[in-house]
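Presented below is the structure to which this report refers.
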Amino acid sequence: QVQLVESGGGLVQAGGSLRLSCAASGRTFSNDVIAWFRQAPGKEREFVAGIRWSVIDTRYADSVKGRFTISRDKNTVYLKMNALKPEDTAVYYCAVDRSTVLVVDAKFYRYWGQGTQVTVSS
């Protein structure tokens, strides 16, 4: 049974940094992609960043390019967020599924974590 557990959210001032973690378990993920999404109140869930498990291939939303970095170490995927802005405030989710290409559509992913709140104050 696939399980994803996020951690690392919190309250930070604008310009600050946070690192989110997503611990994946339940099977091998060598043929998967794993992605971070976020959802702010009243808005749809949006793609933030993704990484292919076994290939050096990453993708970022335009709104976070140059500020956020996705990486993986064993079965944990990280999202390092720098230069945070109030508009980055959202619940952040990690998601995983089998794919040979990076998918940015949330509907594709079957497995999701419970989410972690990130709040950026101005």
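The values are calculated or read from the model by the stated rules, or taken from the named source; none is laboratory data. The shown structure was predicted, so the numbers you read here are calculated from the model rather than taken from an experiment. Cβ atoms come from the backbone with ideal geometry, glycine included; neighbour counts cover every protein chain shown. Side chains are part of the model used for accessible areas, which takes the heavy atoms of the whole protein and leaves out ligands, DNA and RNA. Shrake-Rupley method; radii C 1.70, N 1.55, O 1.52, S 1.80 Å.
Place a +1 charge on the Cβ of each Lys and Arg in the chain and a -1 charge on the Cβ of each Asp and Glu, then give the dipole magnitude about the Cα centre in debye, rounded to the nearest 20. Show your work: numbers first, answer last.
Values: 16 positive and 11 negative charges, 34 e Å.
Dipole size: approximately 160 debye.
For the chain, how many pairs of lysine residues have a Cα-Cα distance under 20 Å, where the two are 8 or more positions apart or belong to different chains? Kindly include the intermediate steps, with their values, before the conclusion.
Working: Lys43/Lys85; Lys43/Lys107; Lys65/Lys80; Lys65/Lys85.
Final tally of qualifying lysine pairs is 4.
Got a number for the accessible area of Ser121? Probe 1.4 Å, square angstrom, nearest 10.
Counting only protein heavy atoms, Ser121 exposes about 40 Å² to solvent.
Determine the shape class of segment 4-55: with a ≥ b ≥ c the square roots of the Cα gyration tensor eigenvalues, call it rounded for a/c under 1.5, and otherwise prolate if a/b is greater than b/c, oblate otherwise. Numbers along the way, then the final one.
Values: a/c = 2.16, a/b = 1.69, b/c = 1.28.
Prolate, since a/c reaches 1.5 and a/b exceeds b/c.
So for Lys107, Lys43, Lys65, what's the accessible-area order with a 1.4 Å probe, most first? Kindly include the intermediate steps, with their values, before the conclusion.
Numbers: Lys107 180, Lys43 140, Lys65 115 Å².
The most accessible residue leads, giving Lys107, Lys43, Lys65.
Could you please state how large a percent of the accessible area of the chain is carbon and sulfur, counting protein chains only and using a 1.4 Å probe? The partial results should precede the final answer.
Details: 3060 of 6420 Å².
Roughly 48 percent, rounded to a whole number.
Which GluC sites (Glu not before Pro) does segment 1-51 hold that lie in a coil by DSSP with at most 15 other beta carbons within 10 Å? Could the numbers behind the result be given before it?
Numbers: sites: Glu6, Glu44, Glu46; in loops: Glu44.
Within segment 1-51, the qualifying GluC sites (Glu not before Pro) (loop, at most 15 other Cβ atoms within 10 Å) are Glu44.
Rounded, prolate or oblate: which one fits the chain, using the alpha carbon gyration tensor with axes a ≥ b ≥ c (rounded when a/c is under 1.5, else prolate when a/b beats b/c, else oblate)? Before the final figure, lay out the partial values.
Details: a/c = 1.69, a/b = 1.64, b/c = 1.03.
It comes out prolate by the Cα gyration axes.
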